[in-house]
Structure formats: C-alpha cells, structure tokens
Amino acid sequence: MASEEDDPIIREIDVHLAKSLAEKLYLFQYPVRPATMKYDDVTHLSARIKPKQQKVEVEMAIDTVSPNYCRSKGEQIALNVDGSCTDDSGSTYATKLMDKQIFSSIQSAVNTSRYAAAVYRKAGDSSQDEAEDDVKQITVRFSRPESEQARQRRIQSYEFLQKKQAEEPWHHLHYSGVKDSRSEHERQYLFSQLAGMVETSELTKSPSEYLSMLMPPVEEEELKVPLAPSNVLSMAQLRTLPLADQVRTLMKNVKVVQFANLMGLLGSGVDSTAVLRCIQQVAMLVQGCWVVKSDVLYPKDSCSPHSGVAAEVLCRGRDFVMWKFTQDLWVVRKEIAAVIKLPPEDVKDFLEQMAVPRINKGWEFLLPPDAEFVKKHPDVVQRQHMLWLGIQAKLEKVYNLSKEDMMPKKPTSQAAVMPAVVCGERRVATAKERARENHAVLENDYRRRKAPHRTGAQAPEGTPLNIKIKEEPLSDEEPMDTDSRLGNEAANGVHSDESSRDSADLRAECQGARSEVVTAELKEFVRGMLRKHYVLSLSELKRLFNLHLASLPPGHILFSGISDRMLQETLLGCGCKQILVPFPPQTTASADEQKVFALWEAGDSFDQHRQILLEIFSKNYRVRRNVIQSKLGQDFGESLSKPDVDKVLKDCCASHGGMWYLKGTLPS
C-alpha cells in the first residue's frame, strides 16, 4: 500500500537459476507450530511416500520421559487406539504407551512451478565461485499467492483425491538428518553448477515465452475445475453447457423467475422459443412467473435434508403449495401444514422457495404477476392451465379435498374496505397500471372532444347542432367513479368547466402517484447503497445507479429518467451530509467526483467515530493513518482499539500510496 518513496530499494542481490533439484524438492510447513520449535533433534523412526500424489508421512518419536509428558494420558490414548489387543505385531503402540506420532502431508498447491527454493551465499564461501564467474544473470519474478477463490475451486475435487490416495501403494524412505553428509551433498545442488550453465545462460526463447515458463497462467488450474459445480454458479462456465442444462441449472438456483429476467441471465443471442421449450420441462407457470418443478429439486430416491421424508411425498406437498399460489397471492402456513401434514421444516422450506412472509398477513408470492408474459404467450398459458387441472385432480384425490377447499378465497367485506398492503415491485406495477388506465381515459376524452372537427360531414355555418343529453340518475348501489363520469360526459358532448377541472385533477393525481412511487423506489436504492458504502461521491452513485437500472426488467418505473438533482436530494433526504473536501487546485477530479456525501448517522456504535473522521477530511483531502488514529485516540482514549480504527477506515476510506482518501476521491 505504500508508495515508492516510503519503500526504497536498499540492496540488490543477483539470482542464478539451478534446476538440478527441480523435480525432487518438497516444502513442508507446520502452520500451527512456532518456528522456534524445530524437529531437527527429534528421533525420526520412519518415512514413506506416494510419489504420484506427492504425499509423505513421517513417523517421529515422542519423549515419554520428559517432565511435560503425561503418562496416564499416553496410556489412555494407546488403549483407545489399540484396544485390549495383546498381539504387538498388529498394534500401533507396542509399548502400550503413545510413544510416537505420524505427520501426514496435505498438498497445499496444485501448480508448484511458481515456487522456488533459494539459498543465500556470500562471495568466496565456496570453491565453485571461480568457475561460476561467467554465469549470466537472470531476473526471476513470482506471481501473487493463490487467491481464495482459486483455492475453493481446487478443493472441490477432494473426494476424488481421497480415492486415488487409497489406490497408490506406499514406498518406504531412508531419513537423513539436516547435518548428515548425504544432506550436505544434496544441498550443493541448490547452487548453479558448471553442467547447468549452458541451460541457464543460453536463452533461445522470447521474453514473453520465458515469463510464461516461469509463471504458467492460472487458466491451467481452471481447466481442471468441473463445470457448473453444485455449490458455486459461474455464469462463464454455465454458458458452456447446452441450453437445456443452462435453464435447468438456473431454475434450480433461482427457484422463481420472470421469463424476461431468465432471458437476461442466459445472455444475448439466445432464441426465446427454444428457451420456452426448455423452461416447460423444468418449471411450472404460477402468476405468470416460472417456478421450478418439485421433481427437479427432489429427484427420485432422494429425501428431505430436514426430516428424511421421501422425495415422492415432498413433491406432492410442494405441488400443493405451488397450486395454492395459482389461486391466491397469499397463503397461510398453518392451513398448508394442516393439509399436506409434513414436518414444519419442510413446509417452511417450500414457502421460502417461492414466497416471503408478511406480518399478520401470511406468505406472499415472491414476484409480482407477469401480465406481459401472459398476454404475449396465450398458448403456453393455456397449456400450463391444462397441466394444473391434472395436478389439481391428483391433489384432490391424495389429500381428500372438497370442492370448497379447492376454490380460491374471496375477500371479506372488511378486507375489501381496508387498503391492501403492497410493497416493492408489486406496488410499482400497480401504480404503473393505474397510470396507464388513467392516461387511456384522458386520451379518449381528448379524442371525443375533437371528434366534431375531424370526422364526419361538418354542418353548414350557422346551423345549430342538435345535441341530446341523456340524463340517468345514479343509484346508490352503483356509484360511478370519476374516470367513468369523465368518459360519459365526453361521449355525450358535455364540456363543462367542472369536467376540465376534473381532468386536470386526474392528471395531477396520476403524476403525483407516479412521483411518489419513483421517490420511494429511489430512496430504497440509495439507502441500500449507503448501508454498504457509507461514503459516496455523486459520480460513484450515478455509476451504481446505472448498474442497478441494468438489472431491472424493461419498462420499470425508474427508467422514466432520474436527474442528478433528484439523486442529490434523495441522498440528503436519507440522512446524508455533503462533505466539502478541500481538493487541491490542480486536481483532476470531475465536478461530480468532488461532490462527496456521507451517511452521518447509521445507528450503530461507530457513528461518532465516523463523524470525527469526516471532520478530518473536511480540512484535507488525504490524511495519514497516524493522524486519524491520534485524533480518534484523543476523543475516545485508550478504549479505542486497532480493530475499531480499521472498521471506521474500511467504512469510509480507501488507501493509496500510504495515504487515506474518502471513498470516491482517489486520484485517477
């Protein structure tokens, strides 16, 4: 993290490459043992190796007469291992005491060509120096350590390696100590020899080819990783599979999806007709959305991970839950459990796959109804309807349900009067649909008003128009809403001031409702970003917002156009404060990058720490860590630990060149 000025080069050492032991070196590390506690003086009883797997076991003696050795524990361990066996030849501990231990190696790196063993020797320490004066110098570079992601991919083949380990026989070895003459002889091969000078000095390959030899690309390891692992879904690996397998794998992971979003996951250029054929093999249509089939999640001969219930019974219960969501947007868990009679863990598992719980309401279907898909693919909808009728008949027979049980619930009078509680995408969809309906009414009103001027033969000038107005009093049982009244007045040729005012009010109401939904959605997005980043420049927020838009379905209400001013107002409305960072006059930061906003109160125990940190950055745009730690230490005393300082810095700052900057203000 430090800049070149903070980390100067203090010495350069020539490195010469020797390959005599390239295929014979093993590096053993003991990560839980201190470096000062070596095994050089411990008696080595035996050693063995499996060459193909490069697996080594070394048997070492334990000092049983040491004052630190507990003899009773040693006898108990030996008894637990060997039992009461009297045959010394078949026992592990012939002395009936734990007097030895076995160190077994675990291979920690698949590709060892990026590792090297080095030994440092001063000039004049060996008789070989005179012969090696002409050895040419080479530059050796090493790649960065193996990443956590690469390590996770590698250990997925652990079961396969265990099987191979059991098949290969052991080969016994002779152990030589670190001070033995044989060890000293072998160590000489670590130094470059005359015989190897031609190989190391005459480089016929290009620099890029030689670099590739020293540091093989990581892709060599990735080729060994199986495609589409069960616990990690890689989109790059997924798209190498056939389309049917792609759809099946995606559905097993997402459980519920709208068709438009599924097409987005599959990437561009995929035929929607082919996807429709594939999706019907692994999913069922519920509320216009696709829900993965039960037999895909619970294949034959499998069972519940919670209760051990057979897959056939699980599929019936889950099909009933899916079918209930084809009838209602809401289901009650107790009612489901009373019918399918499965353990609570399995019932909860079914519901969590396709619904979300709402307080005092029950379980709501996970996604809003996809009316666009239903309208666009009536043939698929009809086919799915017929399939559901067949499933319904089976469920009636299995669970002995009456026709009343299978009918969708009708809202009670109280439910009809009380406003429905909707949220998220469903609220947005409802608002958009209402706005479209209101717009259609207004458009029809406008057309009808202009109709005498556009269509039909015009009456001669001065001829009075014979307009008949049919008056029908409204009954108390059938009240007419505002939209219908406006439409009827326009159709009857009435253009009163009251009608115009109602139209204007309706337009204002539509615009207000739409603005309210946009504001709510924008606030939800900004709050989510602040919970992750704490500090955001306007430029960074715009970038994150564009990424968010790319993940939304077409026609989402946020596509209506969000200005920079709306984003700034939303930030301030979410409890942010603008930090006036004093950028230098020659800064290359854009105007949006210089507008920095920070969440002033997150509601946790670090609010005051972050506020002091933000005040520091209101005086300088970059600060050293010791300045920050000193200021925090003055205000909070010795109670402030290093992890606390790290937490505050991680929340709000980024490091570059030994200096700390607020997030989003790093120099380009």
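Residue under question is residue 323, and the condition is that it be modelled with pLDDT of 90 or more and either outside the structural domain of residue 251 (by TED's automatic domain parsing) or within 26 Å of residue 245 (Cα to Cα) (or both); does it hold? Give the derivation first.
Numbers: modelled with pLDDT of 90 or more: yes; either outside the structural domain of residue 251 (by TED's automatic domain parsing) or within 26 Å of residue 245 (Cα to Cα) (or both): yes.
Yes.
Given the residues 555, 528, which is the only one that is surrounded by fewer than 14 Cβ atoms within 10 Å (Cβ to Cβ) and touching a residue at least 40 places away in the same chain (Cβ under 8 Å)? Please lay out each step first, then the result.
On the way: 528 fails: touching a residue at least 40 places away in the same chain (Cβ under 8 Å).
Exactly one residue qualifies, and that residue is 555.
Table: residues versus (1) in contact with an Asp or Glu (Cβ under 8 Å, 6 or more places away or on another chain); (2) of a type in the set (S, T, N, Q); (3) assigned by TED's automatic domain parsing to the domain that holds residue 261; (4) on the phi > 0 side of the Ramachandran plot.
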position	(1), (2), (3), (4)
528	no, no, no, no
541	no, no, no, no
554	no, no, no, no
558	yes, no, no, no
571	no, no, no, no
587	no, yes, no, no
590	no, yes, no, no
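Look at region 510-525: where a residue is buried (at least 18 other Cβ atoms within 10 Å of the Cβ) and a partner is at pLDDT 85 or above and among the aliphatic types (A, V, I, L, M), sitting 6+ places away or on another chain with Cβ atoms under 8 Å, you get 522/566; 522/567. One residue alone among 321, 381, 356 is exposed (fewer than 14 other Cβ atoms within 10 Å of the Cβ), touching a Leu at 6+ places or on another chain (Cβ under 7 Å) and either closer than 20 Å to residue 398 by Cβ or not small (Gly, Ala, Ser) (or both), and that residue is 356. Report yes if residue 598 is assigned to a strand (DSSP E or B) and among the small types (Gly, Ala, Ser), otherwise no. Yes; evaluated as a whole, the condition is true for this residue. Selection of region 168-206 for residues being modelled with pLDDT of 65 or more, surrounded by 10 or more Cβ atoms within 10 Å (Cβ to Cβ) and not in a loop (DSSP other than H, G, I, E, B) yields 171, 173, 182, 183, 184, 185, 186, 187, 188, 189, 190. What about residue 48, is it more than 30 Å from residue 658 (Cβ to Cβ), in contact with a Phe, Trp or Tyr (Cβ under 6 Å, 6 or more places away or on another chain) and charged (D, E, K, R)? Yes; evaluated as a whole, the condition is true for this residue. On the given criteria, is residue 63 modelled with pLDDT of 85 or more, surrounded by 12 or more Cβ atoms within 10 Å (Cβ to Cβ) and of a type in the set (D, E, K, R)? Taking the combined requirement at face value, the residue does not satisfy it.
Return yes or no: is residue 291 in a strand (DSSP E or B), modelled with pLDDT of 90 or more, in contact with a strand residue (DSSP E or B) (Cβ under 7 Å, 6 or more places away or on another chain) and surrounded by fewer than 18 Cβ atoms within 10 Å (Cβ to Cβ)? Here the answer is no, as residue 291 does not meet what is asked. Restricting region 586-616 to residues that are in contact with a Pro (Cβ under 9 Å, 6 or more places away or on another chain) and surrounded by 13 or more Cβ atoms within 10 Å (Cβ to Cβ) leaves a set whose member that is farthest from residue 529 (Cα to Cα) is 587.
Candidates are the residues of region 223-247 that are surrounded by 14 or more Cβ atoms within 10 Å (Cβ to Cβ) and part of a helix (DSSP H, G or I); the one that is modelled with the lowest pLDDT is 237.
Out of all the residues in region 611-631, is one or more touching a residue at least 40 places away in the same chain (Cβ under 8 Å) and small (Gly, Ala, Ser)? Looking for residues that are touching a residue at least 40 places away in the same chain (Cβ under 8 Å) and small (Gly, Ala, Ser), one finds none in region 611-631, hence no. Taking (1) over 24 Å from residue 169 (Cβ atoms); (2) modelled with pLDDT under 90 in turn, residue 70 satisfies each apart from (2).
The values are calculated or read from the model by the stated rules, or taken from the named source; none is laboratory data. Please read all numbers here as calculations on a predicted model, not as lab measurements. Positions of Cβ are generated from backbone atoms using ideal geometry, with glycine treated the same way; all protein chains shown enter the neighbour counts.
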